[in-house]
Amino acid sequence: MTQTTPLPSLNRQFVSHFGEMGSRWGINRTVGQIYALLYLSPRGLNAEEISETLEFSRSNVSMGLKELQSWRLVNLRHHPGDRREYFEAPQDVWEIFLRLAEERRRREIEPTQSMLRSALLEEAGSEDERYAQKRMQDMYELIEKLMTWFDDVQRLKPETAMQLMGMGAAVTRVLDFKDRLTGSKSRITKSSDPDSSNAS
């Protein structure tokens with residue numbers, strides 16, 4: 001029997017919160033708590049340790065670990081001379097974000113893209129259907145642009161991606177400057193122009 005150390009109060013708060021938030025992210029409470037425990041652990045944990053620490057049944061832990069593996073949010077490790085499997089969360093938070101985003105894309109966004117693509121290839125039989133296709137086309141184009149942007153972000157080095165996200169409003173200022181140079185107005189410039197609403 002593995003002797004486990006009780007979780008410190010701060011760690012337990014984090015684990016409890018992740019369990020509560022899990023359902024909002026599409027995972028159940030047990031899976032959220034298992035992931036939070038692994039994320040904070042300085043070493044890999046086996047199923048027995050997870051079960052004892054969180055006071056979950058071994059069957060619930062096993063199912064939770066399988067779910068996390070399907071999301072590619074945990075890595076499996078083996079120790080020499082030990083037949084047990086040890087699980088750990090990726091150390092790089094950027095890698096965790098990318099894995100989560102890739103899985104949500106595969107499970108949620110790609111099926112929507114496929115449905116929209118098929119609907120847009122159909123022959124519209126009425127004015128209502130033509131209008132519906134126009135709306136679906138707008139949605140499809142937005143998703144395509146977002147996915148292209150995500151593909152570009154994935155290719156960035158983690159430190160470059162973090163710098164890009166840290167730029168915040170600076171990106172808007174660069175785009176606004178570009179619009180002034182080219183003689184065009186961005187939507188942000190138009191909406192912030194007090195005279196724009198009075199233009200005839």
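The values are calculated or read from the model by the stated rules, or taken from the named source; none is laboratory data. Keep in mind that this is a model prediction, so the values were computed, not measured. Note: ideal-geometry Cβ built from the backbone for every residue, glycine included; neighbour counts use all protein chains shown.
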Boolean, Leu73 is surrounded by 13 or more Cβ atoms within 10 Å (Cβ to Cβ), under 23 Å from Val93 (Cβ atoms) and touching a residue at least 40 places away in the same chain (Cβ under 8 Å): no
Filter result for the condition that a residue is under 14 Å from the mean Cα position of the chain (by Cα), surrounded by 11 or more Cβ atoms within 10 Å (Cβ to Cβ) and not assigned by TED's automatic domain parsing to the domain that holds Ser70, over Ala132, Ala119, Ala101, Ala124: Ala101
Hey, Ser41 within 17 Å of Phe18 (Cα to Cα), more than 24 Å from the chain's Cα centre (by Cα), of a type in the set (Gly, Ala, Ser) and surrounded by 15 or more Cβ atoms within 10 Å (Cβ to Cβ) or not: no
So Leu65, is it over 30 Å from Gln163 (Cα atoms), in a helix (DSSP H, G or I) and in contact with a strand residue (DSSP E or B) (Cβ under 7 Å, 6 or more places away or on another chain): yes
Top-ranked residue in segment 78-98 [being surrounded by 14 or more Cβ atoms within 10 Å (Cβ to Cβ) and under 15 Å from Pro42 (Cα atoms); ranked as modelled with the lowest pLDDT]: Pro90
Candidates Ile50, Ile27 - the one that is assigned to a helix (DSSP H, G or I), farther than 28 Å from Gln163 by Cα and either out of contact with any strand residue (DSSP E or B) (no Cβ under 7 Å at 6 or more places or on another chain) or modelled with pLDDT under 90 (or both): Ile50
Every residue from segment 10-27 that is of a type in the set (Ser, Thr, Tyr) and either under 19 Å from the mean Cα position of the chain (by Cα) or more than 19 Å from Leu45 (Cα to Cα) (or both): Ser23
Answer residue from segment 53-70, given it is hydroxyl-bearing (Ser, Thr, Tyr) and either closer than 12 Å to Gln33 by Cα or over 21 Å from the mean Cα position of the chain (by Cα) (or both) and is surrounded by the most Cβ atoms within 10 Å (Cβ to Cβ) among those: Thr53
